[in-house]
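To keep things clear, I will list the structure first and then write my remarks on it.
Values quoted throughout were computed directly from the atomic coordinates according to the rules given, and no laboratory measurement underlies them. Not measured: the values here are computed from a predicted model. Neighbour counts run over all protein chains shown; Cβ positions are idealised from the backbone, glycine included.
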Amino acid sequence: MIRQVKTGRPPAAQRADDAAIRTTVEHMLLEIERRGDVAVRAYSEQLDQWSPPSFRLSEAEIDACIASLPARTLDDIRFAQAQIRRFAEVQLASLRDVEVETLPGVILGHRNIPVHSVGCYVPGGKYPMVASAHMSVLTARVAGVRRVIAATPPYEGKPEAATIAAMALAGADEIYVLGGVQAVAAMALGTAQMAPVDMLVGPGNAYVAEAKRQLFGRVGIDLLAGPTETLVICDDSCDPELVAVDLLGQAEHGPTSPAVCVTTSRRIADGLPEAIDAVLARLDTAPIARVAWQDHGEIILCDTDEEMLAESERICSEHVQVMTADPDWFLARLTNYGALFLGHRTNVAYGDKVIGTNHTLPTRRASRYTGGLWVGKFIKTHTYQRIVTDEASVAMGEYCSRLCAIERFSGHREQADIRVRRLTRG
């Protein structure tokens with residue numbers, strides 16, 4: 001039996017919030033499309049109290065950010081980027097062009113072609129999200145994208161040096177200190193100061209995610225990523241403190257971040273609230289994480305692994321951490337998650353910052369139909385066809401003509417028939 005020990009905010013309240021966010025974002029996008037740079041600057045002043053002479057950093061400003069950082073910080077950024085680059089290169093190698101002769105004289109194939117230009121949003125108003133620069137800019141570069149631009153909000157009233165360094169070291173062609181809806185809109189729609197891109201990628205808050213949703217179609221997007229979600233699947237091989245740390249480690253992203261424990265352990269279900277309080281007492285980010293846990297935290301007590309599996313599949317969390325005696329049992333059966341973290345030795349923070357997989361992942365149950373950002377998201381797969389003999393064209397044309405007649409497409413039918421007539425003369 002599945003029992004809800006602690007519930008989060010009711011779905012109706014979330015739907016009301018979503019409606020208000022949709023309306024706000026729609027108005028902002030209309031203003032930015034109509035007024036361009038003027039609207040972008042007005043929103044930056046209003047929302048971030050930020051209005052520099054230029055939102056785009058010069059090479060000198062980028063170099064100054066890099067020079068301001070300790071050598072150890074730069075080494076750590078390079079280490080993280082080396083892990084992400086290595087895994088992205090392995091993923092890229094798994095994609096290949098194909099060509100096959102499906103019938104005598106009929107050749108079909110596809111080519112994998114990188115997107116021409118990408119705008120990478122790197123969130124950072126609340127925390128400097130250095131790792132998001134690796135995940136988007138670096139992965140686009142490995143994919144072969146020609147123009148990669150990046151935008152991040154100011155942090156405490158100035159460019160955040162480590163984030164700027166990460167963008168530059170990852171290979172960004174243009175770096176803008178600009179945040180929120182105004183940043184993704186400027187990249188997607190273009191302004192007098194910023195040429196538009198073909199695709200937007202990167203996580204963000206609910207407003208950024210909604211802006212990407214509304215801009216989809218005019219540009220491509222990777223996925224709707226944000227706010228952060230986490231789910232811990234655990235049994236008696238784990239303990240309440242470890243579960244609490246791993247839940248709150250993601251809840252600190254923001255006050256609307258869901259954090260869910262699904263467990264077969266009555267000991268964990270009963271002890272987790274006290275463990276949460278104890279861990280909050282030692283976190284600097286407790287004011288944010290506490291609200292997220294109070295409003296969006298859940299504890300679900302199950303009797304069996306099968307019930308835990310069913311709950312995880314229903315929830316479709318962005319991050320799913322499995323701390324059970326046999327995590328491989330879940331690896332073999334789980335299908336709906338952004339990324340999976342197996343065993344007590346790993347955790348979501350490793351994936352977020354350094355291990356090498358990409359941390360831009362589907363939220364709001366989107367893992368039912370998409371995975372996370374990876375090198376393949378920047379690749380378009382285009383097919384081509386070629387017929388190299390008269391006999392093959394005639395054979396294909398005869399089938400095509402009859403099939404077009406079934407659908408009453410006379411123009412399509414004539415495309416086939418003219419070739420059959422010409423190639424069978426004489």
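For region 244-311, which trypsin sites (Lys or Arg not before Pro) are both in a DSSP coil and crowded by at most 16 other Cβ atoms within 10 Å?
Sites meeting the loop and neighbour criteria: R282.
Mind listing which trypsin sites (Lys or Arg not before Pro) in region 32-140 are in a DSSP loop and have 10 or fewer other Cβ atoms within 10 Å? Can you show the working numbers first?
On the way: sites: R34, R35, R41, R56, R72, R78, R85, R86, R96, R111, K126; in loops: R96, K126.
Within region 32-140, the qualifying trypsin sites (Lys or Arg not before Pro) (loop, at most 10 other Cβ atoms within 10 Å) are R96.
For region 111-166, what's the relative contact order in percent, using C-alpha pairs closer than 8 Å and at least 6 residues apart?
Result for region 111-166 is 46 percent.
Could you grab the relative contact order for the chain? Cα pairs under 8 Å, six or more apart, rounded to a whole percent.
Relative contact order for the chain comes out at 19 percent.
Please work out how many pairs of lysine residues in the chain are eight or more positions apart (or on different chains) and have Cα atoms closer than 27 angstrom.
9
In vacuo Debye scattering of region 34-169, one point per C-alpha: log10 I(q)/I(0) at q = 0.10 Å⁻¹?
These q points yield log10 I(q)/I(0) values of -0.46.
Tell me the net charge near P153. Cut-off is 15 Å between Cβ atoms, P153 excluded, with +1 for each Lys or Arg and -1 for each Asp or Glu. Write down the numbers at each step before the final one.
Values: positive: R41, R56, K126, K158; negative: E45, D48, E156, E160.
After counting each charged neighbour, the total is 0.
Can you list the trypsin sites (Lys or Arg not before Pro) in region 363-422 that are in a DSSP coil and have 11 or fewer other beta carbons within 10 angstrom? Walk me through the intermediate numbers first.
Working: sites: R364, R365, R368, K377, K380, R386, R402, R408, R413, R419, R421, R422; in loops: R364, R365, R408.
Of the trypsin sites (Lys or Arg not before Pro), the ones in loops of region 363-422 whose Cβ has at most 11 other Cβ atoms within 10 Å are R408.
Using all C-alpha to C-alpha distances in the chain, build P(r) with 20 Å bins and read off the rounded percent in each one.
Each 20 Å bin holds this share of Cα pairs: 23, 47, 23, 6, 0.
Identify unpaired cysteines across the chain, taking unpaired to mean no other cysteine Cβ lies under 4.7 Å from the residue's Cβ.
C65, C120, C261, C302, C316, C400, C404
For region 300-317, just list the computed ³J(HN,Hα) in residue order, Karplus coefficients 6.51, -1.76 and 1.60, θ = phi - 60°, integers in Hz, with x standing in for Gly and Pro.
Per-residue couplings from phi come out as 10, 9, 10, 8, 9, 4, 4, 5, 4, 4, 4, 5, 5, 5, 5, 6, 6, 5 Hz.
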